[in-house]
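Asker: Structure below; questions to follow.
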Amino acid sequence: MSTPSETITLLKESLPAFWINPTRNTSVVALEVGSALAPAGADTPPAARSISLADIEAAQSRFERFAPLLARLFPELAACGGAIESALSPLPAITAALGVADGGGRVFAKQDHALPVAGSIKARGGLHEVLEYAERVAVAHGLLPATAGEVDYVALASEGARAVFARHSVAVGSTGNLGLSIGVIASALGFRASVHMSADAKEWKKQRLRQRGVEVVEHAGDYAQAVAQGRAQAATDPLAHFVDDERSLSLFLGYAAAVFGLRRQLAEQGIAVDAEHPLFVYLPCGVGGAPAGIAFGIRQILGPHAHCFFAEPVQSPCVLVHMMDGADGPQGPHPTVYDYGLQNRTEADGLAVPQASRLASAAMRAVLGGIFTVEDAQLMRFVYQLEQAEGLRVEPSAAAGLAGPAMLLGTAEGRSYLRDWQLEDHLAQSTHLVWTTGGLFVPPAQYQQFWAIGRDLAAQQA
């Protein structure tokens with residue numbers, strides 16, 4: 001098992017590493033997040049704030065209230081009544097290639113890469129925050145009653161409601177997928193929408209936003225700089241709402257609400273989650289908000305026998321370095337991947353983030369099983385292998401979780417984790433769940449480039 005210094009050496013050399021979280025526990029308690037929400041360098045103590053299962057239930061209730069309106073705004077949601085949901089499917093043909101031998105459990109994919117409207121996991125958090133903001137604006141202007149009740153939210157598609165929303169704007173900083181989700185739902189409701197995009201963002205994502213009437217503001221710097229500049233610009237407009245991926249509770253809870261659907265799908269497929277039937281969940285991670293929200297929801301809703309792991313590119317392991325060396329309050333250390341000599345350059349553009357969300361890290365202290373890093377070449381091979389074996393088309397960042405089973409079952413760190421949590425005798429009854437996070441709207445020519453690179457790399461490895 002690697003020592004902390006050995007893990008740091010692997011990180012600095014851009015080699016795959018597997019870090020086990022030493023502070024994971026089995027408690028299910030409200031999470032204190034006040035200090036993690038304060039701006040960096042804040043001089044005054046932040047307001048006390050905690051989140052619990054009740055907050056996740058409130059987010060799910062909001063999705064349900066807005067479902068009829070979403071079905072009206074987006075034809076692709078008509079058949080499902082406006083629900084934001086993805087399939088849970090087994091991956092039998094690729095199981096062995098992922099390092100899961102007979103007796104190691106079954107492998108499934110949670111297919112958020114195919115989520116409607118935004119085409120990625122960001123549809124969950126992004127839609128939730130814009131819907132929550134729309135609800136506040138609507139209540140303030142008398143379009144909705146102050147207390148939720150039997151109200152038809154389809155009324156928010158009226159010309160009068162759209163005229164109200166048009167006086168307000170929604171902005172976000174993004175490398176791509178969050179920007180897509182925010183831009184699409186904000187413009188559909190009638191808000192003025194702007195997305196501040198870093199140099200890492202793919203050109204096709206910028207074009208897709210512009211086609212929706214969203215303003216795309218391009219920045220020469222990285223993700224953190226795009227967020228900072230977007231936040232500063234929105235602060236000058238009293239009718240602007242900035243979606244802050246680094247410290248937004250609304251985004252976080254929108255992701256967490258996904259676990260209600262997952263719980264139902266697991267039950268429908270006869271998959272138990274308990275001491276004798278552990279669940280291992282592998283989540284691609286950028287700034288940390290989406291995977292942390294889901295992992296927090298999993299702990300609250302499915303319990304401690306579900307073990308969550310984050311996957312980060314070897315060049316951009318921002319949550320890993322923060323979990324090892326950072327602090328969650330605004331005055332504490334907030335390391336970046338640049339501090340480790342890394343360049344934050346990866347084909348997994350959605351994961352190209354130099355500095356982690358303090359909120360995400362705070363949420364994961366007692367919850368996360370660990371974090372592993374993945375090379376770009378491996379991501380490309382997974383893109384090719386997943387399409388060949390299972391017919392699923394994902395972008396490179398969405399394939400990161402596929403490295404998880406081999407890391408858990410085939411490394412000294414993973415085997416140590418299994419021993420420490422007394423899981424070795426239950427692997428045959430376990431479930432490995434790989435959360436695929438984006439790719440539905442990748443242009444065919446762009447996807448073909450990923451696929452061809454992955455094919456060639458797989459042939460070299462064979």
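Read-outs: derived from the displayed coordinates by stated rules, not from any lab. None of these values were measured; they are calculated from a predicted model. In this analysis, Cβ positions are derived from the backbone assuming ideal geometry, glycine residues included, and neighbour counts consider all displayed protein chains.
Asker: Arrange Asp339, Asp222 by Cβ neighbour counts within 10 Å, fewest through most, would you? Spell out each step's value before the answer.
Answerer: Details: Asp339 14, Asp222 23.
Least crowded to most crowded, the residues run Asp339, Asp222.
Asker: So what is the diffusion coefficient of the chain in µm² per second by Stokes-Einstein at 4 °C and 1.567 mPa s, using a Kirkwood Rh over Cα pairs? Could you put the intermediate results ahead of the total?
Answerer: Values: Rh = 22.1 Å.
Value of D from the Cα-based Kirkwood radius: 59 µm²/s.
Asker: Relative to the present Cα-Cα distance, how much length would full extension add between Arg365 and Asp456 at 0.36 nm per residue of separation? Don't skip to the answer; put the middle values down first.
Answerer: Details: separation 91, 0.36 × 91 = 32.76 nm, distance 3.94 nm.
That works out to 28.8 nm of additional length.
Asker: For the chain, what does the helix formula give at 222 nm: sum of -39500 (n - 2.57) over DSSP H segments with n ≥ 4, over the residue count, nearest 500 deg cm²/dmol?
Answerer: On the way: 16 runs with 187 residues, N = 462.
Using -39500 (n - 2.57) per qualifying helix, the result is -12500 deg cm²/dmol.
Asker: By counting other Cβ atoms within 10 Å of each Cβ, how are Thr175, Thr3 ranked from fewest to most? It would help to have the intermediate numbers written out before the result.
Answerer: Values: Thr175 27, Thr3 8.
Starting with the residue having the fewest Cβ neighbours, the order is Thr3, Thr175.
Asker: Sorted from fewest to most neighbouring beta carbons within 10 Å, what does the list Lys202, Lys110 look like?
Answerer: Numbers: Lys202 19, Lys110 24.
In order of increasing Cβ crowding within 10 Å: Lys202, Lys110.
Asker: Here is a follow-up. For the stretch 291-445, what ratio Rg/Rh do Cα atoms give with a Kirkwood hydrodynamic radius?
Answerer: On the way: Rg = 16.1 Å, Rh = 16.6 Å.
The Rg/Rh ratio comes out at 0.97.
Asker: Would you please put 315-323, 20-28 in order of how densely packed they are, using the mean number of other Cβ atoms within 10 angstrom per residue and starting with the highest? Before the final figure, lay out the partial values.
Answerer: On the way: 315-323: 27.3, 20-28: 14.1.
The densest-packed peptide leads the list: 315-323, 20-28.
Asker: Working from Cα positions, state the angle (0 to 90°, nearest 10) between the long axis of helix 122-140 and the longest principal axis of the chain.
Answerer: The angle comes out at about 20 degrees.
Asker: How much length is gained on full extension from Ala228 to Glu150, taking 0.36 nm per residue of separation minus their Cα-Cα distance? Walk me through the numbers before you get to the answer.
Answerer: Values: separation 78, 0.36 × 78 = 28.08 nm, distance 3.98 nm.
Between Ala228 and Glu150, full extension yields an extra 24.1 nm.
Asker: Calculate the spin-label point distance for Ala445 paired with Asp425, positioning each point 7 Å from the Cα along the beta-carbon direction, and give it in nanometres.
Answerer: 5.9
Asker: Over the chain, what is the mean sequence separation of C-alpha contacts under 8 Å (at least six apart), divided by residue count, expressed as relative contact order in percent?
Answerer: So the answer I get is 22 percent.
Asker: Give me the compactness ratio for the stretch 356-462, meaning the Cα radius of gyration over 2.2 N^0.38 Å.
Answerer: For the stretch 356-462, the normalised Cα radius of gyration is 1.24.
Asker: Also: Compute the Kirkwood hydrodynamic radius of the stretch 54-187, taking the inverse of the mean of 1/r over all pairs of distinct Cα atoms, and give it in Å to one decimal.
Answerer: Working: mean 1/r = 0.0598 Å⁻¹.
Kirkwood hydrodynamic radius for the stretch 54-187: 16.7 Å.
Asker: Modelled label-to-label distance, Ala163 and Glu6, 7 Å Cα→beta-carbon offset: nm?
Answerer: A separation of 6.9 nm, rounded to one decimal place.
Asker: Could you point to the residue in Ala377, Ala445, Gln111 farthest towards the positive end of the chain's charge dipole, with +1 and -1 charges on the Cβ of Lys/Arg and Asp/Glu respectively?
Answerer: Ala445
Asker: Gain in length, Ala101 to Ala220, computed as 0.36 nm per residue apart minus the alpha-carbon separation, to one decimal in nm? Before the final figure, lay out each step's value.
Answerer: Working: separation 119, 0.36 × 119 = 42.84 nm, distance 4.56 nm.
Once the chain is fully extended between Ala101 and Ala220, it gains 38.3 nm.
Asker: If I fit a long axis through the Cα atoms of helix 376-390 and take the longest principal axis of the Cα atoms of the chain, what angle between them do I get, 0 to 90°, rounded to 10?
Answerer: Helix 376-390 sits at roughly 90 degrees to that axis.
Asker: Which FRET efficiency value, to the nearest 0.05, do you get for Ala412 and Gln269 by plugging their Cβ-Cβ distance into 1/(1 + (r/R0)^6) with R0 = 25 Å? Kindly include the intermediate steps, with their values, before the conclusion.
Answerer: Details: r = 32 Å, r/R0 = 1.30.
Computed FRET efficiency for Ala412 and Gln269 comes out at 0.15.
Asker: A further question on this structure: What is the ratio of the Cα radius of gyration of the stretch 230-345 to 2.2 N^0.38 Å, where N is its residue count, to two decimals? Provide the component values of the computation, followed by the final result.
Answerer: Values: Rg = 17.2 Å, N = 116, 2.2 N^0.38 = 13.4 Å.
My calculation over the Cα atoms of the stretch 230-345 gives 1.29.
Asker: I've got another one for you. Under a straight-distance cross-link criterion of Cα-Cα below 19 Å, which aspartates and glutamates are reachable from Lys12, leaving out those fewer than 8 residues away in the same chain?
Answerer: Reachable aspartates and glutamates: Glu312, Asp325, Asp339, Glu347, Glu375, Asp376, Glu413.
Asker: How far apart, in nm, are two points set 7 Å out from the Cα along the Cα-to-Cβ line at Glu76 and at Arg345?
Answerer: Once both label points are built, they end up 3.3 nm from each other.
Asker: What FRET efficiency do you get for His141 and Ala54 if R0 is 30 Å and r is their Cβ-Cβ distance, rounded to the nearest 0.05? It would help to have the intermediate numbers written out before the result.
Answerer: Details: r = 28 Å, r/R0 = 0.92.
Efficiency computed from Cβ-Cβ geometry: 0.60.
Asker: Diagonalise the Cα gyration tensor of the stretch 122-248 and give the resulting equivalent ellipsoid semi-axes, square root of 5 times each eigenvalue, largest first, whole Å. Present the calculation step by step, with values, prior to reporting the outcome.
Answerer: On the way: eigenvalues 141, 40, 31 Å².
Its equivalent ellipsoid spans semi-axes of 27, 14, 12 Å.
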